[in-house]
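Quick notes on the structure that follows.
The values are calculated or read from the model by the stated rules, or taken from the named source; none is laboratory data. Computed from a predicted model, the values in this text were never measured in an experiment. Note: ideal-geometry Cβ built from the backbone for every residue, glycine included; neighbour counts use all protein chains shown. Remember, those area values only see protein heavy atoms, side chains included, never the ligands or the DNA or RNA. Shrake-Rupley method; radii C 1.70, N 1.55, O 1.52, S 1.80 Å.
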Amino acid sequence: MAKRALITGITGQDGSYLAEHLLDLGYQVWGVLRRDSDPATSRIAHLVDDLSFTRAEFDDSASLVAAVERARPDEIYNLAGTSYVPTTWQHAELTTEVNGMGVLRVLEAIRVVCGLDESAAGSGDIRFYQASSSEMFGKVAETPQHETTIFHPRSPYGVAKTYGHYITRNYRESFGMYAVSGILFNHESPRRGTGFVTRKITLAAANIKLGHQDELHLGNLDAQRDWGYAGDYVKAMHLMLQQPIPTDYVIGTGTMHSVQETARIAFEAVDLDWRDHVVVDPDLIRPAEVETLCANPTKAHTELGWKPTLSFEELIQTMAESDLRRLTAG
Ligand code: GDD
């Protein structure tokens, strides 16, 4: 019988790539949609006929229990929540509610549906993946960062993700659940939201090339990140749920690049010079910045056999070319 997966956040970049990957593997894939009358499903439009949907809200435990009962999944991938860091200072409470408490509510829904309590040994029958983030490392204690590097989150987003990470581990230790966190470093693609810096840059480079705009306003050009391809990272999520023993993994490329380098490569991909167009805008500097992030993905290489397939340069070039093609086609 086909395995069943339930994905929260299925309409996002990662949700769409993960749904594709699981369908390719023969899974029956369910997506959690919010109770909007008109959810934004453009990233999964090409998949909707192959997917099943159920509705739930992250601040409504009963709706989450009902979603888990309805889908009866073998695996749950919790990708929902706020992912855009800078606005979480304005919405700290909401961010905590969804990115922190939301994780607890999904874990509780699994516990209720599987009938697990403190005395229950074993994992029940649902495996749980939590989308943890390298933002938890924040003001980094060491470079590169690995699974036991201490956390020092620098945004309400990072703090809420850290709660989600610890509560996932706690439910694994308390109830014997197969519950794991993937500590994913930045991962991008042509489906990336347009506010994130890579896509903001590639889209602007394409728009400038076509004469639609002249300037691109950016914040901290010196920030460095370990940027990889989202299509590779969702494969790591799946692998994490197929292991004999549940444990957490860092996923990244192990290389670090600056925002400035991203701009150089993106503009070069459309035959422009970034220095003619980029303007530093102090309003885009964050109240507390994460200056550098770089993964040590050795554990994932060794235990999962996972490796990224796209280099940073290939990734940014692919995104810039995709944006130019899309805009040229209208
Ligand atoms: N968004 C944005 N816009 N970032 C800018 C800009 C700008 O105009 N100018 C400079 N930056 C810098 C930010 O200050 C940050 O240091 C870096 O570019 C990356 O910003 P984002 O692309 O917004 O990503 P992020 O690193 O804050 O967060 C992403 O990665 C996390 C994993 O580390 C998100 O995908 C998070 O959801 C994810 O958890």
(request) Take the range 202-225 and flag every residue that is touching a strand residue (DSSP E or B) at 6+ places or on another chain (Cβ under 8 Å), more than 9 Å from the ligand (Cβ to nearest atom) and open to solvent by less than 40 Å² (accessible area, probe 1.4 Å). (result) 204, 205, 208
(message) Please pick out the residue among 74, 50 that is surrounded by 15 or more Cβ atoms within 10 Å (Cβ to Cβ), at pLDDT 95 or above, farther than 18 Å from residue 165 by Cα and touching a strand residue (DSSP E or B) at 6+ places or on another chain (Cβ under 9 Å).
(response) 74
(request) Look at residue 292 and say whether it is polar (S, T, N, Q), buried (at least 18 other Cβ atoms within 10 Å of the Cβ) and farther than 26 Å from residue 213 by Cβ. (result) yes
(request) Being among the basic types (Lys, Arg) and touching a helix residue (DSSP H, G or I) at 6+ places or on another chain (Cβ under 6 Å) is the filter here, so list the residues in the range 144-171 that pass it. (result) 161
(request) Identify, from the list 172, 154, 199, the residue that is open to solvent by 50 Å² or more (accessible area, probe 1.4 Å) and touching a residue at least 24 places away in the same chain (Cβ under 8 Å). (result) 154
(request) With a cut-off of at least 1 residues that are modelled with pLDDT of 95 or more and closer than 25 Å to residue 43 by Cα, name the strands (runs of 3 or more DSSP E) lying wholly within the range 123-229. (result) 127-133, 179-184
(message) Return the residues of the range 64-100 that are touching a residue at least 12 places away in the same chain (Cβ under 8 Å), away from the ligand (no atom under 16 Å from the Cβ) and in a helix (DSSP H, G or I); say none if nothing qualifies.
(response) 64, 65, 66, 67, 68, 69, 70, 71, 97
(message) Suppose the filter is open to solvent by less than 30 Å² (accessible area, probe 1.4 Å) and touching a residue at least 24 places away in the same chain (Cβ under 8 Å); does residue 234 pass it?
(response) yes
(message) If residue 35 satisfies all but one of (1) outside any helix (DSSP H, G or I); (2) open to solvent by less than 60 Å² (accessible area, probe 1.4 Å), what's the number of the condition it fails?
(response) (2)
(message) Filter the range 254-289 down to the residues that are more than 18 Å from residue 203 (Cβ to Cβ), open to solvent by 80 Å² or more (accessible area, probe 1.4 Å) and not in a loop (DSSP other than H, G, I, E, B) and list them by number.
(response) 275, 280, 282, 283
